[in-house]
Amino acid sequence: MNKKITLPTNSSMLSNDFVYGVATASFQIEGGKSSRLPCIWDTFCDTPNKVVDGSNGETACNHFNLWEEDIELIDSLGVDAYRLSISWPRVITESGDLNPEGVAYYINILDALAKKNIKAFVTLYHWDLPQHLEDKGGWLNRDTAYKFRDYADLISKAFGDRVYSYATLNEPFCSAFLGYEVGIHAPGIVGKEFGKKAAHHLLLAHGLAMQVLTKNSPNTLNGIVLNFTPCYPESDSQADIEATSFADDYFNQWYIKPLFDGEYPAILAQLPIENHPEIHEGDMDIITHPLDFLGINFYTRAIYRADKEEHFFQIDPPAPRTDIGWEIYPKAFTELLVSLNEKYSLPPVYITENGAAMADKMVNGSVDDQDRVEYYQAHLNAVHNAIEQGVNVSGYFAWSLMDNFEWAEGYLKRFGIVYVDYDTQERTIKSSGLAYKALITNR
Ligand code: PNW
């Protein structure tokens, strides 16, 4: 018996203007490595012991060749929208010009989506920085922000009116902190002095790109996608509460407060001077460029306690957990949306990613992932509850359309609502995909 996903009959999420979609990212699905420039994730994958299963993005889901049937698959799910990302190293040459083959590849995809009336939500940067830019310092080099603006300028002109929404960056927290502070993502740089510098250049890149997108593409929804892992104290002790608030500022508010308030959280003053970002005059004005939408990605929460040496200590997540070890705690999703709505004057919000890794088993040709169906049910309810409390949420994207390259976890963790057999590249819609489709098409 396949469980259904349901929402209260009066829910605004059952209206036909609420946008339902599925999401992917270029490096995670495309493959087709030989027809683009190398990126930082190619290099990272080639470095021993960085990716758990020693895999890479050479083939991935072979979406580079299978994109036509994948669009049929997306259409068969009945969704209103598809969130994809553009591979910067596929569309821009080393000298900074458009690469016509790479541009044509995406134009074909955008045209095929338009034919099927599927809205294209395009993310310009989902972590695949051209390696030649990393060789000049990557996101630690201020000039990368201007290179990103130039890329955004050229590509938005080339795409014309084919795009419904542009997001500049996906999850600058992950790029900055995971990539340049703890080094568990590409380019694998480690040091507390680097994270906030990279973060500032990413946010500057975002603001500069917003300027050109507003000019070249005034009719698209232009914005950014941020991820949040809401922070909870282990106890009500003052010390735990303060440690948790510091963690929240460091991991979450750091990336949203500058966008709306034009300043970093006050904990900046508590960070050693060598860890500070390099902020030039006028940067904060660029970063506060008005947004047409805010994309929010949510997967889990984190629990903190006070620590003697550090500002905070994160405890191991309690059960229930998904296959990647992340606690399932949908209440934090509602509380996050409500609290952001209180703190900031938000534009329309789209949930640009939400989903779960589960230990899927293919049995007699089908994957009966009732655990994932339950995750989606609980989290869609959580979004509904936030809307009831006044948050303006306009859409929701499942992460992910299909199983794919899960970064440092390689192909071992499956987030898809469609199963991928990596030997045959066969796609099979899981029970969660069927339940999601039923929710959308029965509205
Ligand atoms: C997001 N964290 O990554 C990305 O946007 C996707 O590409 C990815 O596949 C998906 O979520 C699932 O992981 C994240 O450690 C990776 O806080 C790590 C974190 C958050 C998001």
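For this structure, a couple of remarks:
- Based on alpha carbons, the Rg and Dmax found for the range 113-178 are 13.8, 42 Å.
- Here the residues Thr24, Thr322, ranked from fewest to most Cβ neighbours within 10 Å of their Cβ, fall in the order Thr322, Thr24.
- Sorted by Cβ neighbour density within 10 Å, fewest at the top, the residues Tyr411, Tyr146: Tyr146, Tyr411
- Kirkwood hydrodynamic radius of the range 305-443, from the reciprocal of the average inverse Cα-Cα distance over all distinct pairs: 16.8 Å.
- Beta bridges from DSSP with both residues in the range 84-235: antiparallel share about 15 percent, rounded to the nearest 5.
- Computed helical MRE - 222 nm, the chain, DSSP H runs ≥ 4 contributing -39500 (n - 2.57), nearest 500: -11000 deg cm²/dmol
- Exposure proxy for Ile71, Ile267: other Cβ atoms within 10 Å of each Cβ, ordered fewest to most, give Ile267, Ile71.
- Using a Förster distance of 60 Å, the FRET efficiency for Leu98-Glu234 (Cβ separation, nearest 0.05): 0.70
- Hydrodynamic radius of the chain per Kirkwood, over alpha carbon pairs, in Å: 22.0 Å
- The chain: antiparallel DSSP beta bridges as a percent of all, rounded to 5: 25 percent
- Net charge of neighbours whose Cβ lies under 12 Å from the Cβ of Ala120, counting Lys and Arg as +1 and Asp and Glu as -1: +2
- Gain upon complete extension [Asp111, Ala269; 0.36 nm per residue less C-alpha separation]: 52.0 nm
- Label-point gap, in nm, between Val363 and Val182 - each point 7 angstrom along Cα→Cβ: 3.5 nm
- Straight-distance crosslink candidates among lysines, where the alpha carbon sits under 21 Å from Lys157 and sequence neighbours closer than 8 are dropped: Lys115, Lys119, Lys147, Lys215
- Here's the list of lysines a cross-link from Lys3 could span, going by alpha-carbon distance under 22 Å and ignoring same-chain residues fewer than 8 apart: Lys331, Lys361, Lys430, Lys437.
- Label-to-label distance, nm, for residues given as Asp53 and Ile315 (7 Å Cα→Cβ offset): 3.3 nm
- Length-normalised contact order for the range 12-441 - Cα pairs under 8 Å, 6+ apart - percent: 17 percent
- Debye log10 I(q)/I(0) at q = 0.17, 0.19 Å⁻¹ for the range 128-225, Cα point scatterers: -0.72, -0.85
- Set of aspartates and glutamates with alpha-carbon distance to Lys257 below 16 Å, sequence-local pairs under 8 removed: Glu171, Asp248, Asp249, Asp283, Asp285, Glu342
- Here the gap between Glu69 and Asp143, fully extended at 0.36 nm per residue and compared with their Cα-Cα distance, gives a gain of 22.8 nm.
- The range 293-306 - phi-based ³J(HN,Hα) in whole Hz, Karplus 6.51/-1.76/1.60, Gly and Pro as x: 7, 10, x, 10, 9, 9, 10, 7, 10, 9, 10, 10, 10, 5
- Distance between the range 44-74 and the range 307-382 - C-alpha centres, whole angstrom: 24 Å
- Anisotropy class of the range 221-359 from Cα gyration tensor, a/c 1.5 cut: oblate
Rule-based calculations on the coordinates, nothing more; no lab input. Just so you know, these numbers come straight off a predicted model, no measurement behind them. Cβ sites come from the backbone with ideal geometry, for glycine too, and all protein chains shown count toward neighbours.
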